[in-house]
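Q: The structure is given below, and queries will be raised subsequently.
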Amino acid sequence: GPDDSYFVWKKNGQKMKACITEQSHMLFDGRVHVLSWVKDSVSESTEYKCSFISKVGNTTSEVRITVGDKDRAGQDGWSKEFDTWRSAISEHDKMMQSWRKTW
């Protein structure tokens, strides 16, 4: 990412200011690896947009979280999927911290 790069997160079209985590790590060739994510909870269907903005260019990713019936079977499935994502984020964070120590 260029020096002037930054993220803009929107939830249902409104700019978010809380629950946002960002990390950046210098790579050997002088480039920077940047990562941002949101920790949030929703009780209704919600659209998230993440824009990465810099002088070089912009890109936007978006996802819609659809809240379905709150039956117990659906909750169990969601809990397992959430645990998988939480584990992946935690593992990525550990890897990035290890890289930071190595560099």
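Q: Report relative contact order for the chain in percent, whole number only (criteria: Cα-Cα under 8 Å, sequence separation at least 6). Walk me through the numbers before you get to the answer.
A: On the way: 115 pairs, mean separation 25.3, N = 103.
About 25 percent, as a whole number.
Q: Could you tell me which label, among (1) 30, 29, 28; (2) 50, 31, 19; (3) 70, 22, 22, carries the value of Cα extents along the principal axes in Å calculated for this structure?
A: (2)
Q: If you don't mind, there's one more thing I want to ask. How much mean residue ellipticity at 222 nm does the chain get from its helices, if each DSSP H run of length 4 or more adds -39500 (n - 2.57) and you divide by all residues, to the nearest 500 deg cm²/dmol?
A: Working: 1 runs with 31 residues, N = 103.
So the helix-based figure for the chain works out to -11000 deg cm²/dmol.
Q: Could the peptides 45-51, 19-25 be put in order, highest first, of the mean number of other beta-carbon atoms found within 10 Å of their residues? Working shown, then result.
A: Working: 45-51: 15.0, 19-25: 12.7.
So the peptides 45-51, 19-25, ranked by packing, come out 45-51, 19-25.
Q: Measure nothing but the geometry: give the 0 to 90° angle between the long axis through the Cα atoms of 72-102 and the longest principal axis through the Cα atoms of the chain, rounded to 10°.
A: The angle comes out near 10 degrees.
Q: How large a share of the accessible area of the chain, in percent, is made up of carbon and sulfur atoms when the probe is 1.4 Å and the other protein chains stay in place?
A: Details: 4120 of 7990 Å².
Exposed carbon and sulfur together represent 52 percent of the surface.
Q: How large is the accessible surface per residue of the chain, computed with a 1.4 Å probe and reported in Å² as a whole number? Mind showing how you got there, number by number?
A: Values: 7990 Å² over 103 residues.
Spelled out: the 1.4 Å probe surface of the chain, per residue, equals 78 Å².
Q: How large is the dipole of region 2-67 about the Cα centre if only Lys and Arg carry +1 and Asp and Glu carry -1, each at its Cβ, rounded to the nearest 20 debye? Numbers along the way, then the final one.
A: On the way: 9 positive and 8 negative charges, 36 e Å.
Approximately 180 debye in magnitude.
The values are calculated or read from the model by the stated rules, or taken from the named source; none is laboratory data. Just so you know, these numbers come straight off a predicted model, no measurement behind them. Backbone-built Cβ (ideal geometry, glycine too); neighbour counts: all protein chains shown. These area figures cover heavy atoms from the full protein model, side chains too; ligands, DNA and RNA do not enter into them. Shrake-Rupley method; radii C 1.70, N 1.55, O 1.52, S 1.80 Å.
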